[in-house]
Amino acid sequence: MKTVDLIVPCHNEEEVLPEFVKVTNEVTSTLPSYSFRYIFINDGSKDNTLLTMIKLAKEFNNVKYISFSRNFGKEAAMYAGLEHSDADYVIVMDADLQHPPAMFPQMIEGIEEGNDCCALYRAKQTGESKLRQLVSKIFFSFQNNISDVKMPDGAVDYRIMSRKMVDAIMELSEVQRFSKGIFCWVGFKTKWIEYKNVER
């Protein structure tokens, strides 16, 4: 049975975490050939996110957590999660359900086809202002013009990666990380999947 670690950075996610686990468990239960483990990272939350993690860890034996002394940011939280992962596959995702767990079967299918990464990009940014959509388009256009690392408009951190790819990422020495860029820069075979944005 192959193992899958879910790396989930959390900042003030007290209210959504139980629902996140509930919805995610409903999806993972349909994938009996894979063993899933949650690695939550409490990124200096001001609410009861840590207490919620502790409660979930007592309720489910596949829930683990890391807690920062203060808010270091999502990039640091993702790095900490990857550092503590040893699974065959690793999924990086947000806790607010904007990254729908329902995509797991399609993501796993993509990586089982021989890809080292199956990454997602938003098809329609439902619920976002036109200004934010414009800024996003400008960012990706600028990024793709100045860099050899190409990303589709709407690319997000939500992805599944092979152990080989994660190990390569962890060998990099960058302190100030831009993970989306690093995920592309390491050069592993990536399949991009379009998904509809989900409102928080």
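The figures follow:
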quantity	calculated
Given LYS58/LYS164; LYS64/LYS164; LYS22/LYS196; LYS22/LYS189; LYS46/LYS191, the pairs whose alpha carbons are separated by over 28 Å	LYS58/LYS164; LYS22/LYS189; LYS46/LYS191
Full-stretch length increase - MET1, ALA102 - with 0.36 nm per residue and alpha-carbon distance subtracted	34.3 nm
GLU113/SER29 FRET efficiency (R0 25 Å; Cβ-Cβ; nearest 0.05)	0.60
Within the accessible area of region 1-129 (1.4 Å probe), percent carbon and sulfur	49 percent
With eigenvalues of the C-alpha gyration tensor scaled by 5 and rooted, region 85-127, Å	21, 14, 8
FRET E, pair MET170, PHE60, Förster distance 22 Å, beta-carbon r, rounded to 0.05	0.25
Simple spin-label estimate for ASN12 and ALA123 in nanometres, 7 Å along Cα-Cβ	3.2 nm
Rg over Rh, two decimals, region 1-74 (C-alpha only, Kirkwood Rh)	0.99
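The values are calculated or read from the model by the stated rules, or taken from the named source; none is laboratory data. Just so we're clear, the structure is a prediction, and the values are computed from it rather than from any experiment. Reconstructed Cβ throughout: ideal geometry from the backbone, glycine too, with neighbour counts over all protein chains shown. Ligands, DNA and RNA are stripped out before the accessible areas are found, and what is left, the full protein with its side chains, is counted by its heavy atoms. Shrake-Rupley method; radii C 1.70, N 1.55, O 1.52, S 1.80 Å.
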